[in-house]
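The numbers here are math on the coordinates, done by the rules we state, and not lab data. Just so we're clear, the structure is a prediction, and the values are computed from it rather than from any experiment. Reconstructed Cβ throughout: ideal geometry from the backbone, glycine too, with neighbour counts over all protein chains shown.
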């Protein structure tokens, strides 16, 4: 005959073990559900997005692959095989930026361009870097990575860039290169 305390111990052990095994099974199920929630809403091939404002085309984005994560709490889109954006200035001139990889954060209107980023403006200016952030709302560009910038007046390299889209206001880190400077006549020598 088995003592009743021993029967209670076996019963409690069986209950604990069954709870333990059922928890591990549900943990796997939770992991699967969480993995499902991080999957994209959709993936599109060979896309073309046209951005307009007041019936004017502002930009045209093309990409071989677009992955949409608008189902996540911090919505974003990924361009894992690169992208090209043609955007138009106030005079309707075309400016182009290309990158091997990109992220578009919907909530902040921030675009993160990475790997072989090249920005070519209609006036022939050329910017090259490994990463460039574009704040679409404020029309501002910035990077903490090394970059090169060339136009008719500049040929420079620097570590950091913080500029408006016209490159009329910019700050850099350590700077090397050449800058064209015009010299004004000294008014004292004209007497």
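Using the 10 angstrom Cβ neighbour count as an exposure proxy, how do 121, 70 rank, fewest first?
Going from sparsest to densest Cβ surroundings: 70, 121.
Where the Cα atoms of the stretch 42-179 are projected onto their three principal axes, how long is each span, largest first, in whole Å?
Principal extents (largest minus smallest coordinate, Cα): 47, 30, 24 Å.
Relative to a virtual label point 7 Å from the Cα of residue 56 in the Cα→beta-carbon direction, which members of the stretch 124-152 show backbone nitrogen distances below 16 Å?
137-139
Among 125, 54, rank each residue by its count of other Cβ atoms within 10 Å, from fewest to most, as a rough exposure measure.
The order, fewest Cβ neighbours first, is 54, 125.
On a full-extension model of 0.36 nm per residue, what is the gain between residue 44 and residue 140, subtracting their alpha-carbon distance, rounded to one decimal in nm? Don't skip to the end; give the middle numbers.
Values: separation 96, 0.36 × 96 = 34.56 nm, distance 2.83 nm.
The residue 44-residue 140 span can extend by a further 31.7 nm.
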